[in-house]
Structures are given as structure tokens and as C-alpha cells.
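Everything on this sheet refers to the single structure shown next.
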Amino acid sequence: MAWRFKASKYKNAAPIVPKAEACVREICVGSYQTYGNNIAASAAFMAFNWEHTGSSVAVLPLDDCGRKSKTMPLLHGHTDTVTDLKFSPFHDGLLATASQDCLVKIWHIPEKGLEQSLSDPEAVFSHKQRRVETVGFHPTADGLMYSTAAGCVALFDLSAQKEIFSNNEHPEVIQSASWREDGSILATSCKDKCVRIFDPRAAGSPIQLTAESHQSIKDSRVVWLGNQSRILTTGFDAARLRQVIIRDVRNFNIPEKTLELDCSTGILMPLFDPDTNMLFLAGKGDTTINYLEITDKDPYLIEGLRHTGEQTKGACLVPKRALKVMEAEVNRVLQLTSNMVIPIMYQVPRKTYRDFHADLYPETTGYKTDLVAGEWLNGSNQPVPKMSLDPVKREHGDEPIIPRLGPKPFSSTTGDVSFDKVFAVPLAPGSHENISSVGQDTGVDIIPPAQGAKPDLIVEIEIKKKHEREPPVAGNGVQKSLTTSERRKSSADDDESSDKIFEQNSESSENSTESEDRADAADLRRLSTARSSIADRRRLYESRSKSQVDEKAQSPVPLRREHSKVEMLKPALQQQQPGNVIDTKRISVPEGKLLEEHRRGNGSAAGLKKSATDTAFSAASTKRTSTVFGKVSKFRHLKGTPGHKSTHIENLRNLSRQIPGECNGFHANQERVAVPLSGPGGKIAIFELSRPGRLPDGVIPSLVNGGNIMDFQWDPFNAHRLAVACDDGIVKIWHIAAGGLTEPTNTPAGELTAHMDKIYFIRFHPLAADVLLTASYDMTIKLWDLNTMTERISLSGHTDHQIFDFAWSPCGRLGATVCKDGKIRVYNPRKSETPIREGNGPVGTRGARITWALDGQYIVCTGFDKVSERQISVYNAQKLSAPLKTTSLDVSPSILIPFYDEDSSTLFVTGKGDSTIYCYEITDEEPYICPLSHHRCTSLHQGLSFLTKNHCDVASVEFSKAYRLTNTTIEPLSFTVPRIKSELFQDDLFPPTRITWSATMSAEDWFSSNDKAAPKVSLKPEGMETLSSIQQVTVQPIKKTDHSHFGGQKSEYESNKQQEIQKSVSARMEFTTKLEQDDMEGVDENEWQE
């Protein structure tokens, strides 16, 4: 009886809920049918599912709080719901996510968190068309990850990025898995109502033990009780009561303890702390979190204080090294609700919190291990060293335990680099903990550590070059790596620049001279010895790792001063000897130019500095937009502004969601808009833009087509004519009266039996009147003359795959298609029925769009890649073999619909259900796709339609105008460019534009190949002065002797810049020779004589 009433130190641990201001608020979390906890935490970050689909993941700092925006950076890595996510126990920035899209992805979170959305994972593993249910990391082996899909258990070696074990002996879906603390065996719970002990390294079958568990096929969970021989499972019994079962593996078939709770439907998520034996049971959908303490003897489960609060969507424990030990916080539970993340602190009441209470904090599992995946698989077992939470015994004293974040992983050409070597935090080069290393004659050498305890990371990548003086060699033949001061002194003596990149975390060295480097430590970027803390070294190393993700190991990044690069080379250039050789590959463009000038004899400081400046400007002038020194796009800071509420059409109802993906779903012209409605009959509502406001309740007047709508489009030259394609292969031509629709009608102005099968889409010709194109399921494209309602041309060449889109070239002679077979085809319809050019398009099969750019010289295609990530590609219209540039956006199921403005070369892309309109400038040179300011809307839109150029308000510097369809409204959207002199006509933004709102030729002229170029017209309003005319003020040049600082003449760039400044100042200043005193009366001459 004494044991039953034994007092526990954690018996009165009380949950403390912070105020709302200290929680993460206004997040978007849905209800997910998964076997995961929907939230995970490391000592640095928390991660949880985002939005109702759960395909994205939000990652925030662990101590973050406050309101969060819906536009915050996210991980867009999966196309379906994320089922589980876990952080590595050894690297706080390493996150694994599993999804219903059959993929497991590894992410690296930067030190400061997500500053922009990520869609490119570090590694991807596939489960071969099986939904992944759980994912996690091994507790003792670094770089070893496990995942389960259906009845399969798989192990992956992250350093080698390959699967090393797979077993499919589970007959049903594995619902949960948990490793023993020593990492030797694994416990699994399965949908077949059994729990199993699993040993991947066992000879023969890895399933060692099997026992019947909870007698319901509903969700169940299993957790290993630390390093004990017991496991705990939660689930439902035959009567659907929630159960907790404890069983010992030494007597596996007989439960040690069975506890029945209630009949709630949410699965109990067990969160266990092996250090304190505290167990938290958080049920999905519950408003309570139970706290129990597990004991070795009866009653086994002792109930503690219960927390009642918000409804739980997910829960997880925070690692012990992130707790506030000086406040007696023994555990922290992160509770995920529908709109908040609540950190619940469990505090043991004590009289004072001024001292560290060692009795509450036994030594806990550390975060450093020497065991790697390969060693563990070969039978090696090494426990993770324990660490103390006492601030006095910490590595950094009273400072908080710094989270362990590694840089992005990069592949190496050698097999000796372990996973810990890749992800560990390196020491700063030249610090007192650096040790000597040895190099080989190969291009890239991995230097092994000295014998003894293995450090976290000793990697020295060195590019060998032939120098006149060999590096110093120790007495044992080992090449000695130089410290920072020694390399600096050596550089001053013989001007040999060091070619080493030091990425070391090793034992201390007595040969380091820290005092000599302290003076210049502030100027060096990564050569500082004063930065000896892990956080500083990690921060410096993180910046370098970002540029090395896609580089080979043989391409090091030079270590330079943060400020001027030119001054850094001056002493070396002045002391260079003729026999020395300088490696120009390690030097930037201005420095390379300095060396060339020096070799040619131009050794003066003035010549060197002037040459470097000219080179910098000349190198940057070849780039077009978004460069440091080059020309910046005029539309870089474009602004999207929605129209006033008085211009909205509101109270829309019954919008159709069944429109095919090939249809844009919404079309507008200058007078009216067409919107498809749900329900039978294929209805399309027509709304007059001249009558904005709230629509009356009741029946909306519409066009009744009698069949499912496949596509529809306004005639570009007739605002009253609408063409609608139906699934019966018929195109109906509707004529809208001047006043709009007053009642539903089912009588079109004409019908065109275009195909015997469904129609994909229809397209009007951009220049010729009454020319309509149709594409059908029968893999043919036909061109029709609407005057005679006859077929004139039929195009073939498509295989048995879906035709996604067709686009006319600006000249109207050519057309381009993109197809489900991943091909882009260019047609000349009047000369050939088959394509004249063909190339590779998007590899994704979910949909694509295509358009022409830059006067028909380039083709822009939007689509998906292999992992369903949305992307934009630019092709040369004459060479379609491969794209010139491809830009990835995010992971979303909606197809990106492009809208191209040829005058500004601006590309607008967005998808149905998006809230962001992405804006890019298409250029004819690198980088081809230049991002502009994206416009983020306040709500999701279902469609977007742009008007022709003549309806833009150029007086307000509006270069594009569109209408946006939302679930309940139609809103005008204006795109403008900020300008100071907005009262002037900005002729640099509005060149003469092609007339696309009236026909250039008739249908007969076009079919007869009597082509006519579209005339151009100026958009300048009458009486408005142009910006260029104001700036063209001639100024007499002032002849003045130029006294250059370097004794030379002014460069052409400086002269042109000065003339531009004089012109702009003269244009804004009034010039007069009249003085103020000329209007004064003064005094008479005789008054002066008096």
C-alpha cells in the first residue's frame, strides 16, 4: 500500500495557458483524416498543416506569437494532404513531411525561419503509388528516416538518399509506429487490430512479436515508454470506447494495464516524456488534455491535473532543451486548434524559482550522436550521450541552449561524408578549436579527423594548385592547415591567395593565434575568430551554404571581406613579384579587370580604380531588368488596385464549378461579362457593366444552351456576340441586345455543328472578323467562316491525348498548341494541316496554357512538372527543343492562366481559386522571366478577364485593366505604374499600340492569304503633353576643365549622367534675369548730395 500512496514530484504539475497575445493566432487549420498529429516541434521551430486541404505546411519559430497573415511564407511541397511531419532529433532545422501524394520530402528550414515560400525540397522519396501514413527519424542513428505506407515499413539513408530497407508483411494499413529509446526495435499498430514488435535487422522475418490489441478498426496509436520493455497504445474497443493499454514485451499477449475512458470519437494522441514518465492524452476534437503519470507498479496510471480549453486539432511535445528550466517548466505541449497554436506550460509549484531545481530535471537525451545509418544497419548500437539541463553545466553557461541548425545538405563526390558531417554546425576558420588536416592530390579531399572522439564535422575542401612555395608540413608528414593570421601574413609576403574553404568543427588547436586576428575581425565575413559561439558560426555558415546547394564540390566560394573588394587586392598587387601566379578564377569581375590592367602595365591606383568601375558598369549593362547595375524595368513596381465598391456587381449566386479546365470560366468585354451558372441546361448569365450594384434576388436572366458548357468567348470585334461550345459538338452563336438580357432565352442567333464529339475550346481570330477555331475530342482543329457557317480548314497531327490550349500569334498567321502528350506544336493553318514545328512542353498532365510574346518571337507556356508544381516556361518560337527559362511557382491544383500585355511585355498569371496574380516581364535575353510586384487580392477569385488597351485610363497611368470574378462579386481591377508627373502622358509606358478591338481584315481576305498588318494608334489623349517633350530642353554645354581625382578625363557614363541631371533641373526651374531690386523706387540723386 505504501507504493500506491507514494508522493511524486510531478503530481501537482499544473498547466499554465498564456494569454491570447502570446499564442500564434489567426491561422487556417482544417480537419484532416490522417494518422499524424498535424503538428511537430523542434528546439527552434514548430510546423503544422495549413488551410483546409492540408497540402501546405506552415513553419514558425518556436517562440513566435501574434496574428499571422494568410500570405505568410509556407512549404508548398505536396499536391495532397500532408499526413505526418516530424523534425530530426539531431538537427532542429531538418523537417520530414509525408503526404497522400505518395511522397516523403525532406526540408531544410533556414536559421531565421521561412522568409519566403519554399517548394524545392532537399530530397524526395517515393512509396510507389501508396499513400504515406507516418514518417519519423531514428532516435540514435543520424540520417536514418522511416516511413510507412499501407502495410510497408521503409528505412531511408538520407546521406546517400536511398532506401535501405523495405518490408510488406503487415496485412493492413500501419496506423502508428514508435522506436524504442535505444533504437533497437520498433513497435507498430495496424488496422488488423494487432500490435507488433518489429526488428529491421533481424535475420528472416523482421516481425518478432504479434498480439491482439484494440478491437476496433478505427485509428490507434502506439508509443514506446522510453527505454523500458513496455509500450502504450491508444484506440477503441469493440463498443467504441476509448482505451489505453500498457503491455510488456516480455509477456506480450497479456496486457499489463487496460484503462477505458469515454465514448468520444477522436483518437487519443499519446505524448510521453521518458525523463519524467509524464503522459499527455490529447484527443482530436476534444477540449481537454489529460495528464497522467506512468508508474512501474499498480495502478500504473496516476491521473494528474486536467487542462480544458479550445478544441484540439493536433498536439506535440517540445524538446526538453527548449524548456524554461529556471521557471520549473517540466514539459510544454503545443496544442493546435482551428485558428491558434497554444503553448501549454506544465509547471511544478515551488516556493522559489531563483535556483535550478535539479530534482525535477534528470539528465536527458542529447542532440549529438556518432552513429550513422550504415553503421546501425550493420548491427552497431550506440546510445545517444546524455546532457544536463542545469545552466551551470551547460556548454555556454547561463545562455539558453542554442538550437542545433545545419545548413542545407549538399551532395559530395566521396562516400566518406556522413550525414552528421553535412548537417552539423562548423567552427569558424582560424578559431582556437581548429586542428590540422591532411590533403590528397585529388580535386576534392575530405580530411578525416584525428583518432579519438569523432567531432561533429571536419570537412576541408581544398582545390589543389601548383604554387612556387609549398604549404608547411608537420613533422609526421601531415600538411598543416594555416590559421587566419598565418594565411594573412603569407599573403602579404608572397601574394599567394589562399584557395581553401574551411568548414570545420573539431578539437582545439594550440597553434592558433587569436590575438593577432582580433583587430581586423570586424571586416572579415567568415574568417572571424571572435565569433566562437555556435550561433555565430552557424549564422556565417548558413549564408555560404545557400549558394552551394546546386554547385559541385569542386567549385568553392571565395572568402572575401564584406565591404570593398578592390581595396583588398591593392597591397597584393603592389607587392606582387613577376614569378608569382595569381588565380583569376577566384576573383570577381572588377578584380579580374584589375589584374589584366596590372599585367598590361597600368599599375597606378587611379587607373586601376577607374578600370574596375568601368568594368562593373559595362558588365551590368548587358542585362535588361532586375539587375544590380543594369536597367530596371519600368513596371517593376506596378500596382493593382480594385475598383470602388460602387463599381462592383454583387450578390452573384449559383456560380458553376463544373466548367472544364480548358475553359477560363469567365469572359468580359468593355460592355458586359459572361458567367456560367450551375444547374441543368448549361446556363450563362450576362451582366451589364453599365449597371453595377447589388443584383436583385430571384431568377438571373441567362442564356440556356441545353447542354453542358465546354467553353465560351466573346467576339473581339463585336461586344454583342458570344460563342458557346457545348458537349454535343455544337457551337451556338448568341446575340445580346443593347440593353442586355431581361429574361432567360434558349434561342441562339445561329448554330454550328462543328464536331461529332465534345469540344475542348474555341478561339476567335485576333485580326480577321468571323473566323472561329474549334478543337475537339476527335483530335482535330477546325477553322470556320461564320459568315457562311462553313468549315474552311482542318488541322491534324495530335495523338490520342488531350489538347489543352491554342493561341494565335500576334500577326495572325501562326498558331501554337500544347497537348497532354507533353508537346508544343506550331501550325501555319493556311499552308499545312500538320505542324511545322514541334518541341517538348510541360511534363505534367494536369493541364497547360500557351501564349505568344515579344511580337511572336517567343512562346510562353504554363503547366506542371513531374511533382505537380506549377511552372512558367519561355521558348524561342523557332527552336522548341527546350525552354530558354523555366520558373517554378508553387504547388496548387489550379492551372495557371496567362494574360500577356504586348506593349509592356507584362505577363499576368493566376489560377482558379488563387488569391494572387503573379506578374512577370518577358524579355528577349537572360533571365527571360523577370518577376515584378505580384498583386495579392483580399479574396479568392474564380476567373480573370482583361480588356483591350483602348479602355485603359492612361491619364491615371493605367496600363492594363481587368475584371475579377469572385464567389459573390465581379470587381474591376486596375494595374498602374507609380509616376510623379502623372499629369503628363507617359509615352515611355504607352508606345503606339496595335488596334485589336476592330477587325483588320475580313474572313475571306484571311482565308485567301491577303494578310494585313494591324494598324497602330497612339493612346495619348488630346491636350495632354508628353513626358518626353518636357524633358527635351536643350541646354548649352558649359565648357569647364575637368579635374579628375585620378588625373584623367571623365568617363562617358559620368558625362552623360551630368547632362541628364542638367536637363531635368532646367526643365523644372523658371529662368529669368530680372532682379528683385529692379522694382524698388529708390531715392533721388540730390538726396545723396544732401
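The values are calculated or read from the model by the stated rules, or taken from the named source; none is laboratory data. Since the model is a prediction, treat every value here as computed from it, not as a measurement. We place every Cβ from the backbone using ideal geometry, glycine too, and count neighbours over all the protein chains shown. All accessible areas refer to the heavy atoms of the entire protein, side chains included, with ligands and DNA or RNA removed. Shrake-Rupley method; radii C 1.70, N 1.55, O 1.52, S 1.80 Å.
Tallying residues that are more than 15 Å from G729 (Cβ to Cβ) and of a type in the set (D, E, K, R) within the range 744-793 yields 4.
All conditions in (1) among the hydrophobic types (A, V, I, L, M, F, W, C); (2) assigned to a loop (DSSP other than H, G, I, E, B); (3) under 21 Å from N37 (Cβ atoms) hold for A202, with the sole exception of (3). Screening R247 on (1) crowded, with 22+ Cβ neighbours inside 10 Å; (2) under 30 Å from G374 (Cβ atoms) shows it passes everything except condition (2).
Among the residues of the range 340-374, the ones that are more than 20 Å from P385 (Cβ to Cβ) and either part of a loop (DSSP other than H, G, I, E, B) or open to solvent by 50 Å² or more (accessible area, probe 1.4 Å) (or both) come to 11 in all.
Considering only residues that are over 18 Å from L259 (Cα atoms), without any contact (Cβ under 8 Å) to a residue 40 or more places away in the chain and not hydroxyl-bearing (S, T, Y), look in the range 190-205 and name the one that is most open to solvent (accessible area, probe 1.4 Å). In this case the residue turns out to be A203.
Each row is one residue, and each column tells you yes or no for (1) more than 34 Å from the chain's Cα centre (by Cα); (2) over 20 Å from L773 (Cβ atoms).
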site: K634; (1), (2): no, yes
site: G661; (1), (2): no, no
site: N664; (1), (2): no, no
site: V673; (1), (2): yes, yes
site: L677; (1), (2): yes, yes
site: I686; (1), (2): yes, yes
site: L689; (1), (2): yes, yes
site: L703; (1), (2): yes, yes
site: W714; (1), (2): yes, no
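Pairs are defined by a Cβ separation below 6 Å, a sequence spacing of at least 6 or placement on different chains, a first member in the range 92-116 that is modelled with pLDDT of 90 or more, and a second member that is open to solvent by less than 10 Å² (accessible area, probe 1.4 Å) and of a type in the set (D, E); the pairs so defined are A98/D84. For the range 761-779, a residue qualifies if it is farther than 19 Å from A848 by Cβ, without any contact (Cβ under 8 Å) to a residue 60 or more places away in the chain and open to solvent by 10 Å² or more (accessible area, probe 1.4 Å), and the qualifying residues are F764, D778. Do you know which of the residues in the range 126-141 that are out of contact with any Gly (no Cβ under 8 Å at 6 or more places or on another chain) and either at pLDDT below 90 or not in a strand (DSSP E or B) (or both) is farthest from F90 (Cα to Cα)? If we take residues in the range 126-141 being out of contact with any Gly (no Cβ under 8 Å at 6 or more places or on another chain) and either at pLDDT below 90 or not in a strand (DSSP E or B) (or both), then Q129 is farthest from F90 (Cα to Cα).
Conditions tested, residue by residue: (1) within 30 Å of L854 (Cβ to Cβ); (2) assigned to a loop (DSSP other than H, G, I, E, B).
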residue	(1), (2)
W714	yes, no
T747	no, yes
M756	no, yes
I793	yes, no
F806	yes, no
R813	yes, yes
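Go through G54, G66, G36 for me and flag whichever is closer than 17 Å to D101 by Cβ and either under 23 Å from the mean Cα position of the chain (by Cα) or open to solvent by 80 Å² or more (accessible area, probe 1.4 Å) (or both). So the residue among G54, G66, G36 that is closer than 17 Å to D101 by Cβ and either under 23 Å from the mean Cα position of the chain (by Cα) or open to solvent by 80 Å² or more (accessible area, probe 1.4 Å) (or both) is G54.
When restricted to residues that are over 14 Å from N664 (Cα atoms) and of a type in the set (A, V, I, L, M), the range 706-722 contains 2. If the condition is being surrounded by fewer than 23 Cβ atoms within 10 Å (Cβ to Cβ) and in contact with a Ser or Thr (Cβ under 9 Å, 6 or more places away or on another chain), then the range 110-133 contributes S117, S119, D120, P121, F125, H127, R131. Tell me, please, whether a residue that is in contact with a Cys (Cβ under 6 Å, 6 or more places away or on another chain) and among the charged types (D, E, K, R) can be found in the range 949-962. Looking for residues that are in contact with a Cys (Cβ under 6 Å, 6 or more places away or on another chain) and among the charged types (D, E, K, R), one finds at least one in the range 949-962, hence yes. Do you know which residues across the range 163-188 are in a strand (DSSP E or B) and among the small types (G, A, S)? Selection gives S166, S176, A177, S178, A187. The single condition among (1) surrounded by fewer than 21 Cβ atoms within 10 Å (Cβ to Cβ); (2) closer than 24 Å to G844 by Cβ that T788 does not satisfy is (2). Filtered by the rule that a residue be at pLDDT 90 or above and either of a type in the set (S, T, Y) or open to solvent by less than 40 Å² (accessible area, probe 1.4 Å) (or both), the range 76-90 gives V82, T83, D84, L85, F87, S88, F90. Based on what the data block shows, is K831 open to solvent by 30 Å² or more (accessible area, probe 1.4 Å) and closer than 27 Å to T906 by Cα? Judged against the criteria, K831 is not a match. Checking each residue in the range 665-683 for being polar (S, T, N, Q) and either open to solvent by less than 30 Å² (accessible area, probe 1.4 Å) or in contact with a Phe, Trp or Tyr (Cβ under 9 Å, 6 or more places away or on another chain) (or both) picks out N669, Q670. Residues in the range 863-882 that are buried (at least 19 other Cβ atoms within 10 Å of the Cβ), in a loop (DSSP other than H, G, I, E, B) and either β-branched (V, I, T) or under 24 Å from the mean Cα position of the chain (by Cα) (or both): V867 alone. Scanning the range 903-938 for residues that are among the acidic types (D, E) and open to solvent by less than 40 Å² (accessible area, probe 1.4 Å) returns D903, D914, E921. All of V124, V173, V153 fail the test of being β-branched (V, I, T) and under 26 Å from the mean Cα position of the chain (by Cα), apart from V124. Looking across L323, L268, L305, one residue alone is crowded, with 17+ Cβ neighbours inside 10 Å, closer than 18 Å to V17 by Cα and in contact (Cβ under 8 Å) with a residue 12 or more places away in the chain. It is L323. Residues of the range 716-743 that are at negative phi, assigned to a loop (DSSP other than H, G, I, E, B) and either aliphatic (A, V, I, L, M) or modelled with pLDDT under 90 (or both): D727, D728, I736, A737, A738, G739, L741, T742, E743. Only one entry in A160, A238 is part of a loop (DSSP other than H, G, I, E, B), out of contact with any Gly (no Cβ under 9 Å at 6 or more places or on another chain) and open to solvent by 20 Å² or more (accessible area, probe 1.4 Å), namely A238. Taking the conditions exactly as written (closer than 17 Å to G643 by Cα, open to solvent by 40 Å² or more (accessible area, probe 1.4 Å) and in contact with a Ser or Thr (Cβ under 9 Å, 6 or more places away or on another chain)), does D988 satisfy them or not? No; evaluated as a whole, the condition is false for this residue. Take T851 and decide whether it is open to solvent by 10 Å² or more (accessible area, probe 1.4 Å), of a type in the set (S, T, Y) and either under 27 Å from the mean Cα position of the chain (by Cα) or at pLDDT 95 or above (or both). Answer is yes for this residue.
Filtered by the rule that a residue be surrounded by 20 or more Cβ atoms within 10 Å (Cβ to Cβ) and either assigned to a loop (DSSP other than H, G, I, E, B) or not β-branched (V, I, T) (or both), the range 147-157 gives S147, A149, A154, L155, F156, D157.
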